[in-house]
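> My questions all concern the structure below.
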Amino acid sequence: MTALRRFAFACLAAPLALGLAACGEDAATDGAPRGEPIAAIPPPAGQSWVEVAAVTPEGGVRIGNPEAPLKLVEYASHTCHVCAEFSQQGAVPLDGYVEKGVVSYEIRNLVRDPVDLTIAVLARCSGPGAFHPLANQVWGNFDALMATVQSNGEALQQASQAAPAQRLQAIGQASGLIEFFAERGISRDQAMQCLANTAQAEQIAEASDAQAQELNITGTPTFFLNGTRLQPTSWGPNQAGPGLEAALQQAGAR
């Protein structure tokens, strides 16, 4: 059975609850790279590094200089409150590091539930350049979105029983996500067409499943810098220690 079918045939409420329990609980190492300050690298004429976006071979979406000396990868879930907190605190300052051409930032989906998968598909609906802004919009409105999801539990349960080709469309409608993305430039027709693309949804879900197993990722967010797993799950310092910004600066970002 494919990863999409495992998500699609599961009861919606249970996976969502399990996913929330796994949010922010991944074990990690504290081997962040170290380096001297790195000078800014100018973008091509007329471009901004933040606007340079591409889908990677791993299925993530990267913004920034593809040859940046510091390559940051986040395994993230759109239904994870810790990921939302990271975005709310870190999205703007992280863009500042990306803009200097020193850091590239890639988001790879770690799909935890059908609503998460639905958002992952919708966020890709306008191409790679819109993915990061739309993902940050979801995380920036996290509490209101999740309240709508939780309040529509019965409708979402019914949506999860729809035929496979229509299941994500039904979840998108029952969860209010179609309307949310329509307010951000993705028309209802465009959203429904994207959600009917089961091949893309399966690709996202299967990449998530394979990479989680390969890298032993059990919680979100999980960060890697130049291939090294990082300890922080927050942008700034907290009770667990220094945040991700400190790790970037230790590696040479300024």
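The values are calculated or read from the model by the stated rules, or taken from the named source; none is laboratory data. Please read all numbers here as calculations on a predicted model, not as lab measurements. Neighbour counts run over all protein chains shown; Cβ positions are idealised from the backbone, glycine included.
> Looking for whichever is over 10 Å from the mean Cα position of the chain (by Cα), of a type in the set (A, V, I, L, M, F, W, C) and closer than 18 Å to I38 by Cα here; the options are V82, V55, V98. Which one fits? Can you show your working first?
On the way: V82 fails: closer than 18 Å to I38 by Cα; V55 fails: closer than 18 Å to I38 by Cα.
Only one candidate passes the filter, namely V98.
> Within region 245-252, is even one residue surrounded by fewer than 19 Cβ atoms within 10 Å (Cβ to Cβ), in contact (Cβ under 8 Å) with a residue 60 or more places away in the chain and not in a helix (DSSP H, G or I)? Break it down into steps so the answer makes sense when it comes.
To start, the set of residues in region 245-252 that are surrounded by fewer than 19 Cβ atoms within 10 Å (Cβ to Cβ) comprises 246, 249-250, 252.
In the following step, the residues that additionally are in contact (Cβ under 8 Å) with a residue 60 or more places away in the chain were identified as 250, 252.
In the following step, the residues that additionally are not in a helix (DSSP H, G or I) were identified as 252.
Yes: one or more hits.
> Does E214 satisfy the criteria of being acidic (D, E), over 18 Å from V73 (Cβ atoms) and not in a loop (DSSP other than H, G, I, E, B)?
Values: acidic (D, E): yes; over 18 Å from V73 (Cβ atoms): no; not in a loop (DSSP other than H, G, I, E, B): yes.
The answer is no for E214.
> Does any residue of region 59-76 turn out to be assigned to a helix (DSSP H, G or I), under 27 Å from Q203 (Cβ atoms) and touching a strand residue (DSSP E or B) at 6+ places or on another chain (Cβ under 9 Å)? Walk me through how you get there before you give the answer.
Residues of region 59-76 assigned to a helix (DSSP H, G or I): none.
Scanning region 59-76, I find no residue that is assigned to a helix (DSSP H, G or I), under 27 Å from Q203 (Cβ atoms) and touching a strand residue (DSSP E or B) at 6+ places or on another chain (Cβ under 9 Å), so the answer is no.
> Quick check on region 123-143. Is at least one of its residues within 18 Å of A196 (Cβ to Cβ) and touching a His at 6+ places or on another chain (Cβ under 9 Å)?
Residues of region 123-143 within 18 Å of A196 (Cβ to Cβ): 123-127.
With touching a His at 6+ places or on another chain (Cβ under 9 Å) added as a condition, the list becomes 123.
Within region 123-143, one or more residues are within 18 Å of A196 (Cβ to Cβ) and touching a His at 6+ places or on another chain (Cβ under 9 Å).
> Please enumerate the residues belonging to region 213-222 that are more than 20 Å from F86 (Cα to Cα) and of a type outside the set (D, E, K, R).
The initial filter retains those residues of region 213-222 that are more than 20 Å from F86 (Cα to Cα), namely 213-216.
Q213, L215, N216 - these are the residues of region 213-222 that are more than 20 Å from F86 (Cα to Cα) and of a type outside the set (D, E, K, R).
> Within region 25-32, can one find any residue that is modelled with pLDDT under 95, under 30 Å from A196 (Cα atoms) and either more than 16 Å from the chain's Cα centre (by Cα) or of a type in the set (F, W, Y) (or both)?
No.
> For region 234-244, how many residues are crowded, with 17+ Cβ neighbours inside 10 Å, under 21 Å from the mean Cα position of the chain (by Cα) and either aromatic (F, W, Y) or outside any helix (DSSP H, G or I) (or both)? Quick ask: steps written out before the conclusion?
If we filter region 234-244 for residues that are crowded, with 17+ Cβ neighbours inside 10 Å, which is where we start, we get 234-235, 242-244.
Those left that are additionally under 21 Å from the mean Cα position of the chain (by Cα): 234-235, 243-244.
Filter once more, keeping what is either aromatic (F, W, Y) or outside any helix (DSSP H, G or I) (or both): 234-235, 243.
Total satisfying the criteria: 3.
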